[in-house]
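Participant: Just dropping this structure here.
The values are calculated or read from the model by the stated rules, or taken from the named source; none is laboratory data. The model shown is predicted, which means the values in this text are computed figures rather than measured ones. Ideal geometry is used to build each Cβ from the backbone, glycine not excepted, and the neighbour counts take in all protein chains shown.
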Amino acid sequence: MEDKRAYSKAQFQALGIDTNDYKFNNQAGTFSATLDIKLWGNSRNLLAFFTLEDGRKVIASAPWFKDYCGLPDILLGTKVEITYAQSAKGKVYLDEVRKVEENDCPTL
């Protein structure tokens, strides 16, 4: 992906990427992940596809009113920490995305 903020639906479909293994997350918490794919959604949102450190593949919807959690400016393949929160009604949603810098890793 040549520095694109995210794929359009037409671009995404033309690539033929299989996202059947990705599921929406329903567990609140913070997870280490790699950003795999970004796609502009229907409702002024950005869909982000992540592979969690434990191998699970998740989809997250980042809304425009949260500045898409900064995802448009994060390159594919970047290691991130993603935080899911739970609303008062019990719905789990993407709350924050933070790039993991190389110097965040402990040294031996």
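Participant: Taking the condition within 24 Å of ASN20 (Cα to Cα), basic (Lys, Arg) and at pLDDT below 95, does ARG44 pass?
Facilitator: yes
Participant: Quick check on my filter: what residues within segment 71-90 are surrounded by fewer than 13 Cβ atoms within 10 Å (Cβ to Cβ), in contact (Cβ under 8 Å) with a residue 24 or more places away in the chain and out of contact with any Leu (no Cβ under 9 Å at 6 or more places or on another chain)?
Facilitator: Residue satisfying the conditions is ASP73 alone.
Participant: Taking the condition crowded, with 18+ Cβ neighbours inside 10 Å, touching a Ser or Thr at 6+ places or on another chain (Cβ under 7 Å) and touching a residue at least 12 places away in the same chain (Cβ under 8 Å), does ASN45 pass?
Facilitator: Judged against the criteria, ASN45 is a match.
Participant: Let me confirm something: among ASN20, ASN26, which residue is in a loop (DSSP other than H, G, I, E, B), surrounded by fewer than 14 Cβ atoms within 10 Å (Cβ to Cβ) and touching a residue at least 60 places away in the same chain (Cβ under 8 Å)?
Facilitator: ASN26
Participant: Within segment 29-41, is even one residue without any contact (Cβ under 8 Å) to a residue 12 or more places away in the chain and either among the small types (Gly, Ala, Ser) or under 22 Å from LYS91 (Cα atoms) (or both)?
Facilitator: No.
Participant: Considering TYR68, TYR93, which residue is in a strand (DSSP E or B), surrounded by 11 or more Cβ atoms within 10 Å (Cβ to Cβ) and hydroxyl-bearing (Ser, Thr, Tyr)?
Facilitator: TYR93
Participant: Does THR83 qualify as being modelled with pLDDT of 90 or more, over 20 Å from ARG5 (Cα atoms), within 13 Å of the chain's Cα centre (by Cα) and not in a loop (DSSP other than H, G, I, E, B)?
Facilitator: Yes; evaluated as a whole, the condition is true for this residue.
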